[in-house]
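Single-structure report; data block below.
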Amino acid sequence: MLPSAQAPLYEIKANLFKGLAHPARIRILELLAAAPQETAAVSYLLAETGLEASHLSQHLATLRKHKVVTSVRTANAVTYRLAHPGISQLLAIARTFLLDNLADSNEQLRLAQQLPAGHLAGGAAS
């Protein structure tokens with residue numbers, strides 16, 4: 001069990017990851033991170049993600065709720081930006097982690113393909 005004084009801090013961290021826990025939200029964040037000034041209009045996000053407007057709106061609301069993005073309305077246009085420059089760093093670290101895991105998986109796949117067929121099926125000969 002967590003010490004009661006620290007529990008709210010861990011809850012805030014957990015909520016950050018809850019906010020990130022959807023492929024569409026990761027894509028939105030990657031688009032924002034790659035955009036000039038890490039800012040993009042909703043119309044751009046709609047075009048690039050291929051999401052329906054209502055689904056994009058729900059994902060953006062989740063990201064706002066967890067303070068990962070902020071929004072600014074100017075007349076009829078709404079633009080979104082990353083709430084903190086560290087979000088770009090977090091995405092870069094996640095990408096490195098993913099690439100490292102994929103490299104490990106490819107190496108394991110390569111090694112498995114070199115095994116006799118019987119070893120791949122749990123020792124039963126095919």
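In summary, Val68 fulfils each of the numbered conditions (1) under 22 Å from Tyr10 (Cβ atoms); (2) surrounded by 16 or more Cβ atoms within 10 Å (Cβ to Cβ); (3) in contact with a Phe, Trp or Tyr (Cβ under 9 Å, 6 or more places away or on another chain) with the single exception of condition (3).
Checking the structure you have, find out if any residue of segment 78-95 is free of Cβ contacts under 8 Å to residues at least 24 places away in the same chain and of a type in the set (Phe, Trp, Tyr). No, segment 78-95 contains no residue that is free of Cβ contacts under 8 Å to residues at least 24 places away in the same chain and of a type in the set (Phe, Trp, Tyr). Scanning segment 43-95 for residues that are touching a Lys or Arg at 6+ places or on another chain (Cβ under 9 Å) and not hydrophobic (A, V, I, L, M, F, W, C) returns Glu48, Thr49, His59, Thr62, His66, Thr70, Ser71, Thr79, Tyr80, His84.
Every number here is computed from the coordinates shown, using simple stated rules; none is lab data. Predicted model only: the values in this text are computed from it and were never measured. Here Cβ is always computed from backbone atoms with ideal geometry, including for glycine, and neighbour counts include all displayed protein chains.
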